[in-house]
Structures are given as structure tokens and as C-alpha cells.
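A short write-up of the structure that comes next.
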Amino acid sequence: MRLKDKVALITGGSSGIGKASAMLFAKEGAKVVVADVNEAGATETVREIKAAGFEAAFVKADVSKAADCENMVKFAEATYGKLNILFNNAGIMDSNDDNAESTSEETWDLTMNINAKGVFLGCKYGIPALKRAGGGSIINTASFVAILGAATPQVAYTASKGAVLSLTRELAVIHARENIRVNALCPGPLKTELLMKFLNTEEKKQRRLVHIPMGRFGESEEMAKSALFLACDDSSYVTGTEFLVDGGITAAYVTPQ
Ligand code: NAD
């Protein structure tokens, strides 16, 4: 019960990392607000949490819209009385995202609006709520691609995750004496829909797997456990970090055969 009596708001909670984290945070005692544009998916997450005997509620939010972010925070406070944990996790990888020459301005703007501005807006409205609660923990989902370049490019996505890392670092420093910790979760490539819909052939999978020392993609549940660490008091002296959970990719030059 590492999150007993805590209220957590998780964006992108209808699938992947967000859904796994919503389940785990609820099991650990948190009251969880699941925010997502995907109403059907997020409602199902809430249904599953409640069916397991835990507490959760859904609020519809497009994180690229200021009014929606303001509303999701208001909803959390109105429903559960406060906000202690903000997990800005929603993100997209646009199928037309490629190199600088071929990526359209539309793809760039869409990706930046959701992945980077969405995290900013979550923090903009979430931080005052955390202050009202006497402090708390913010986790922003970045990616290992914020740290490594890839010749299988998605420049808008990569740049958006770099923005998340820089924003996280600065917010961590600004709020360090207000009992607010701000950390980035940097997952490696995962077996979630977001990535697997692109890696739809064995060849594409192998092109990546050869670079991962562990030789496999990560699981949403492994990210949820890492997010839980950052959310709870076990990480009480951790702020401003790039928390890499990547199967060793960023440590590798040559991987095992
Ligand atoms: P996912 O596609 O399963 O989940 C993303 C969630 O975000 C979905 O529930 C989706 O409905 C929601 N979402 C999309 N746009 C939204 C918007 N505008 N407003 C609100 N919600 C929105 O993918 P995932 O792998 O669980 O991704 C979660 C986060 O992890 C993302 O930020 C992603 O960039 C990051 N990430 C993923 C991987 C990977 O390999 N899958 C690796 C590194 C980082």
C-alpha cells in the first residue's frame, strides 16, 4: 500500500503504460483519475479497477488543450478532494513522422502539441493543485529516444521527448523546495500498441532488438512498477532525474549475441 490515501491523475490511461500504472497505483491504495481522449478505453480501465475492488474515475481530456487539462485537475480535486501524484504519460507517435526532409509541418505540430505541450499543460494546472495538497510527485513520460539518435527516424517524436526531459529538469529545480518532485520516466521500446503497430514485420523488430542487451522489448507493467517508485515516498530524494528503464540500450556499444 505504497500510495495509501494518495490521489493520482494519470493521462493516457486507456492503454499501455497508463493503463498498467492506473491498475498498479490503485492496488497500492491510490484513488486514480484516468484521463484520456479515448473514452471507451479509459472507461474500461476504470471498470477493471473497480471490478478488482479499488477506486478510480474517468475524465475525458485531450492533453493538447488547455481547457481540458485545467478541467482534469479540477475533476480530480472535486472527486477525491486533492491531488498528490500527476503522471503526464499520454503521447503519440504519428505514422508519417520520419526524417526532417519528409516529415510534414502538420505531423510536427500534432506531435509537439500532444507530447510536449500536453506535459507542459498538465504541469501548468497540476502544480497549483499539488501545492494545495502540500506537495507531491510529478512523473513525465519521455523516452530513451530523447537520449539516443536512431537511423530509423521519427524526428518530431524524438524532439518532443527531448522537450519533456528539459522541461522536467527545470520544473524539478524550480519546485524542489516546495515538496514537489518532478522526474522523467524514459522507457525503452515496449510491446505496446504505440510501437508494435510500426514494427509489423520480424525484420523491423530484429533491426531494433539487436541493440537491446536484454534482447527483448519491455512491458507496460515494467514501466508501471518504475512509475510507482517515482510516485511513492521510496524515491523521496529523487528529483530531476532521467529514469531510464530500457533493458540496457543506453549502456550498450556491442550487445550479446
Ligand atoms: P499507448 O498508445 O498504448 O498509450 C497512449 C495513450 O495516450 C492512449 O491511451 C491514448 O488514447 C492516449 N492519448 C493519445 N493522445 C492523447 C491526447 N491528445 N490526450 C489524452 N490522451 C491521449 O502507448 P504507450 O506505449 O503506453 O505510451 C505511453 C507513453 O510512453 C507515451 O508518452 C509514449 O510516447 C511513451 N513511450 C512509449 C514507448 C514504447 O515503445 N511504447 C517507448 C518510450 C516512451
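Ordered by packing density, taken as the mean number of other Cβ atoms within 10 Å over each peptide's residues, highest first, how do 187-199, 3-15 rank? Before the final figure, lay out the partial values.
Working: 187-199: 18.1, 3-15: 24.7.
With the highest mean Cβ count within 10 Å placed first, the list reads 3-15, 187-199.
Could you give the DSSP H helices of the chain that reach 15 angstrom or more along their long axis (alpha carbon positions) and whose average Kyte-Doolittle hydropathy is no lower than 0.0?
16-27, 118-132, 155-174, 220-231
Roughly how many nanometres apart are two label points built 7 Å out from the Cα toward the Cβ at S95 and E178?
So the label points at S95 and E178 sit 4.2 nm apart.
Are there trypsin sites (Lys or Arg not before Pro) in region 200-239 that DSSP marks as loop and that have at most 15 other Cβ atoms within 10 Å, and which are they?
R216
If a paramagnetic tag sat 7 Å from the Cα of M1 along the Cα-Cβ line, which residues of region 22-53 would have the backbone N under 20 Å from that point?
22-33, 49-53
With runs of 4+ DSSP H residues as the only contributors, calculate the mean residue ellipticity of the chain at 222 nm using -39,500 (n - 2.57) per run, divided by the residue total and rounded to the nearest 500.
-12500 deg cm²/dmol
What ranking of D234, D246 comes out by heavy-atom accessible area, probe 1.4 Å, highest first?
Details: D234 95, D246 20 Å².
In descending accessible area the options line up as D234, D246.
Relative contact order for region 164-239: what is it in percent, counting Cα pairs under 8 Å that are at least 6 residues apart? Display every interim value, and only then the final one.
Working: 46 pairs, mean separation 25.9, N = 76.
Contact order relative to length: 34 percent.
Return the carbon/sulfur percentage of the accessible area of the chain, one whole number, probe 1.4 Å, all protein chains in place.
52 percent
Heavy atoms of the protein only, probe of 1.4 Å, neighbouring chains included. What is the accessible area of K19 in Å², nearest 10?
50 Å²
Determine how many Å³ per residue the convex hull of the Cα atoms of region 7-251 encloses.
119 Å³
Pairs of alpha-carbon atoms within less than 8 angstrom and 6+ residues apart define the contacts here; what relative contact order does region 7-251 have, in percent?
Once divided by the residue count of region 7-251, the mean separation gives 19 percent.
GNM, the chain, Cα, under 10 Å: largest mean-square fluctuation among Y157, Y125, Y237?
The residue with the greatest mean-square fluctuation here is Y237.
The values are calculated or read from the model by the stated rules, or taken from the named source; none is laboratory data. Predicted, not measured: the structure shown is a model, and the values here were computed from it. As a convention, Cβ positions derive from the backbone with ideal geometry for all residues, glycine included, and neighbour counts pool all protein chains shown. Remember, those area values only see protein heavy atoms, side chains included, never the ligands or the DNA or RNA. Shrake-Rupley method; radii C 1.70, N 1.55, O 1.52, S 1.80 Å.
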